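Asks: What follows is a single structure, and I will ask about it in a moment.
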Amino acid sequence: MKVVGIGGTLRENSTSLGALRRALASAEDAGAEVELLDLNELRLPMYEPGKPLDEYGEGTHRLIGAIREADVLLVSTAAYHGTLAGVTKNALDFVQFLGRDEPAYLDGKVVGLISTAGGEQAAANATAAMVHAVHALRGIAAPLMVGVTRAWQRTDEEGDIVDDNYGRRLDNLGGLVVELAQKMGADEIVGAVA
């Protein structure tokens, strides 16, 4: 099972990237192969409807390839101005290139969602916006979502989570997405045999 984590912002030591690393480590502990896609490193250009994939650079090709191969996604964003960061939304827009795949978009993939924010409401808004995007892309949003509020108090200078409560929630999310994907895979096998 492969879990791909997509997150971070264009700021060094991003708290959303630190939260994502924590959840990915838990997914790896649960037996998954993991891959981290740091949006700061990918440096994706803006998605342009109608522009062919071969006109985009290496970062875009890496993103699309990793999502295509993933069984599970973990997506982590910072909350900016009451919603998800533009860099996160832009990355999700590139899933349009999977629209003609079979299955299309994120169909059948479990997606765990994480947000980090300065305030209480912004994290909830960012998570809700991601739920809508995941559903529009036919993905399955995991029932546990982690919104790290007052992130500056819960992270160190590298952006890593140091708060035990939020750390446990991220650990639980990483394990849960693997467990859900395994159960869904078993259900598909049982359905195919029946």
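The values are calculated or read from the model by the stated rules, or taken from the named source; none is laboratory data. On a predicted model such as this, the values are computed, not experimentally measured, just so you know. All Cβ positions, even for glycine, are placed from backbone atoms using ideal geometry, and neighbour counts span all protein chains on display. Remember, those area values only see protein heavy atoms, side chains included, never the ligands or the DNA or RNA. Shrake-Rupley method; radii C 1.70, N 1.55, O 1.52, S 1.80 Å.
Asks: Identify the single condition in (1) open to solvent by 40 Å² or more (accessible area, probe 1.4 Å); (2) without any contact (Cβ under 8 Å) to a residue 40 or more places away in the chain; (3) in a helix (DSSP H, G or I) that residue 138 does not satisfy, given that it satisfies every other one.
Replies: It fails just one condition, (3).
Asks: Tell me the residue from 29, 107, 38 that is exposed (fewer than 15 other Cβ atoms within 10 Å of the Cβ), closer than 24 Å to residue 163 by Cα, at pLDDT 95 or above and of a type outside the set (S, T, N, Q), please.
Replies: On the way: 107 fails: closer than 24 Å to residue 163 by Cα; 38 fails: exposed (fewer than 15 other Cβ atoms within 10 Å of the Cβ).
Unique residue meeting the criteria: 29.
Asks: Can you work out which of the residues in the stretch 147-170 that are of a type in the set (S, T, N, Q) and surrounded by 13 or more Cβ atoms within 10 Å (Cβ to Cβ) is modelled with the lowest pLDDT? Spell out how you get there, then give the answer.
Replies: The initial filter retains those residues of the stretch 147-170 that are of a type in the set (S, T, N, Q), namely 149, 153, 155, 165.
Among the residues that remain, those that are also surrounded by 13 or more Cβ atoms within 10 Å (Cβ to Cβ) are: 149, 155.
Details: 149: 92, 155: 89.
Here the residue is 155.
Asks: Quick check on residue 13: is it open to solvent by 20 Å² or more (accessible area, probe 1.4 Å) and out of contact with any helix residue (DSSP H, G or I) (no Cβ under 7 Å at 6 or more places or on another chain)?
Replies: Yes, satisfied.
Asks: To continue, here is another question. Could you please let me know if residue 102 is surrounded by fewer than 15 Cβ atoms within 10 Å (Cβ to Cβ) and either in contact (Cβ under 8 Å) with a residue 40 or more places away in the chain or of a type in the set (Phe, Trp, Tyr) (or both)? Talk me through it step by step, then tell me what you get.
Replies: Details: surrounded by fewer than 15 Cβ atoms within 10 Å (Cβ to Cβ): yes; either in contact (Cβ under 8 Å) with a residue 40 or more places away in the chain or of a type in the set (Phe, Trp, Tyr) (or both): no.
Taking the combined requirement at face value, the residue does not satisfy it.
Asks: Show the residue pairs meeting these rules: Cβ distance below 7 Å; 6+ apart or different chains; first residue within the stretch 161-179 and under 10 Å from residue 148 (Cα atoms); second residue hydrophobic (A, V, I, L, M, F, W, C) and assigned to a helix (DSSP H, G or I).
Replies: Here the result reads 161/19; 161/170; 170/19; 170/23, each pair linking the stretch 161-179 to a residue that is hydrophobic (A, V, I, L, M, F, W, C) and assigned to a helix (DSSP H, G or I).
Asks: Can I ask one more? Check 147, 167, 175, 112 and return the single one that is over 23 Å from residue 66 (Cβ atoms) and within 15 Å of the chain's Cα centre (by Cα).
Replies: Details: 167 fails: within 15 Å of the chain's Cα centre (by Cα); 175 fails: over 23 Å from residue 66 (Cβ atoms); 112 fails: over 23 Å from residue 66 (Cβ atoms).
Checking each option against the conditions leaves just 147.
Asks: Sticking with this structure for a sec: With respect to the numbered conditions (1) under 25 Å from residue 142 (Cα atoms); (2) open to solvent by 20 Å² or more (accessible area, probe 1.4 Å), which one is the sole condition not fulfilled by residue 49?
Replies: (1)
Asks: Between 77, 60, 88, which is within 21 Å of residue 137 (Cα to Cα), free of Cβ contacts under 8 Å to residues at least 40 places away in the same chain, open to solvent by less than 40 Å² (accessible area, probe 1.4 Å) and not in a loop (DSSP other than H, G, I, E, B)? Show your work before the answer.
Replies: Details: 77 fails: free of Cβ contacts under 8 Å to residues at least 40 places away in the same chain; 88 fails: free of Cβ contacts under 8 Å to residues at least 40 places away in the same chain.
Just a single option satisfies the conditions, and that option is 60.
Asks: Here are some residues: 144, 180, 173. Which one is open to solvent by less than 20 Å² (accessible area, probe 1.4 Å), of a type in the set (A, V, I, L, M, F, W, C) and either outside any helix (DSSP H, G or I) or closer than 19 Å to residue 22 by Cα (or both)? Step through it out loud before you land on a result.
Replies: Values: 144 fails: open to solvent by less than 20 Å² (accessible area, probe 1.4 Å); 180 fails: open to solvent by less than 20 Å² (accessible area, probe 1.4 Å).
After applying the criteria, what remains is 173.
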